[in-house]
Amino acid sequence: MMPVSMVGRAGELAELDRAWSAVAAARRSAPAVAVLTGAAGVGKSLLVAAAVDAFAPRPALVLSGAARVHGPAPYDWLAAVLTGRDTSRLGLPSDALAWLAQQPTAPRERYAPGTLLRLAVRTVQLLVGAGPAVLVVDDLHALDPASVNLVGELATVADLPALLVVASRPPADAVAPDLTRRALARLSGVRGAVRQHLGPLRPAEVAEVLTQVYAGSTPSGRLVTSLWRCTGGNPYALTELLAAHASEGPEALLRRLPGPRQPTASRAPASSADPVVDVPLDPELTAREVEVLGCLVAGMSNKQVAKALGISVRTVTVHVSNLLRKTGSVSRTEVALWAVRHRLPVPAPVD
Ligand SMILES: Nc1ncnc2c1ncn2[C@@H]1O[C@H](COP(=O)(O)OP(=O)(O)OP(=O)(O)O)[C@@H](O)[C@H]1O
Ligand SMILES: [Mg+2]
């Protein structure tokens, strides 16, 4: 299936563009801040990428980093930003820069945490220079505490002509919920900060996605409604489901989906060749299975899950096969998809 281009979000795009225009025009020295939150897979990263792509005038510089779920290390965001960048002319201590960039040859940490934080801020200021720049921090919820602190500092530093765009799942889903909550509150509290909480797609937007996938043909209302219901309008769940059944037509897909809840008789009959799998809506998962599930959603291998949770690979395989059985899934991807579909509580707004 071809990648789906973004539907909806016009208001959000326009607001981000206005924030950028103000930064670009004013040549102000303090950063402007935009904070985007929303559930897993709701489309934060795609929106940020689309917005930055469309910014006019073009930013002089875009510094972008995201959490690297497989091995979070201190200042992971900055390390991602520094990857492949020439920092020799910044005039900062090269051993500290090597350490911040997580270079394998870096000397062991010799700086106090406060000094490292100041050096990290200074590094970003020097990279941005006269700007105007865009700083993108994706997945704040999954970042290491040092990076989260750094992002908070950057938002309030005096000399940084940039738009700081931060995307995060709600604090409850974060590696460190309290730290993430405080950081989001600090960022949102910056004067004039743009604050967006992304909700799921509406049925009309689900229909737009279908029109793209099925090459311009208008999708039936029943298919739109069924897909919207079964994915909760979550674009990740929607695009994964469509990709999994890309080779079949819309009619076959409709037969696979649970029909309207009422009345049961109107459900499309399942043929033996095309079974509707009845998945229990709320199978009882153990706390450990829920943790493993979280790792699968993050795309980890069994080895990585074992390392992350401090258990053996063999134990992980047992948990994974229990998860497959309990959720009625046939693959790790399907379990991850199931998790997204079933974890759609509307998160509490950040205070
Ligand atoms: N508005 C949209 N229109 C069409 N597809 C979308 C839209 N938003 C997201 N998608 C698709 O849904 C998937 C998930 O989007 P994205 O990665 O941006 O979510 P996210 O909110 O950043 O998730 P996470 O919390 O896991 O980082 C992607 O495949 C993306 O292309
Ligand atoms: Mg994302």
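Determine the gain in length on full extension of the stretch Arg191-Ala287; use 0.36 nm per residue of separation and subtract their C-alpha separation, reporting nm with one decimal. Show your work: numbers first, answer last.
Details: separation 96, 0.36 × 96 = 34.56 nm, distance 4.07 nm.
Extra length from Arg191 to Ala287 when fully extended: 30.5 nm.
Projecting the Cα positions of Gly131, Tyr111, Gly152 onto the charge dipole of the stretch 104-173 (unit charges on Cβ atoms of Lys, Arg, Asp and Glu, taken about the Cα centre) puts Tyr111 furthest along the positive direction. Restricting the calculation to Cα atoms, the stretch 71-179 shows an Rg/Rh of 0.95 when the hydrodynamic-style radius is the Kirkwood one.
Given +1 on the Cβ of Lys and Arg, -1 on the Cβ of Asp and Glu, and no further charges, what dipole in debye does the chain carry about its Cα centre, rounded to the nearest 20?
320 debye
If you wrap the Cα atoms of the chain in a convex hull and average its projected area over all directions, you get 20.0 nm².
Extension gain Val330-Ala49, at 0.36 nm per residue separation less the Cα-Cα distance, in nm?
Values: separation 281, 0.36 × 281 = 101.16 nm, distance 3.23 nm.
So the chain would gain 97.9 nm between Val330 and Ala49.
Return the aspartates and glutamates within reach of Lys303: Cα separation strictly under 17 angstrom, same-chain partners fewer than 8 residues apart disregarded; answer none if there are no such residues. Result set, ordered by chain and number: Glu289, Glu291.
Compared with the direct C-alpha span, the chain from Thr83 to Arg18 gains 20.4 nm at full extension, assuming 0.36 nm per residue.
Between Arg122 and Ala56, the distance separating the two model label sites (each 7 Å from Cα on the Cα→Cβ line) works out to 4.0 nm. Taking label points 7 Å from Cα along the Cα-to-Cβ direction, Ala25 and Ala73 give a separation of 4.3 nm.
If packing is taken as the mean number of other Cβ atoms within 10 Å per residue, what is the order of 294-305, 130-141, highest first?
Values: 294-305: 18.1, 130-141: 23.6.
Ranked from most to least packed, the peptides come out as 130-141, 294-305.
Throughout, read-outs are computed from the coordinates displayed, never taken from laboratory work. Keep in mind it's a predicted model, so treat the numbers as computed, not measured. Glycine gets a Cβ as well: all are built from the backbone with ideal geometry, and neighbour counts include every protein chain shown.
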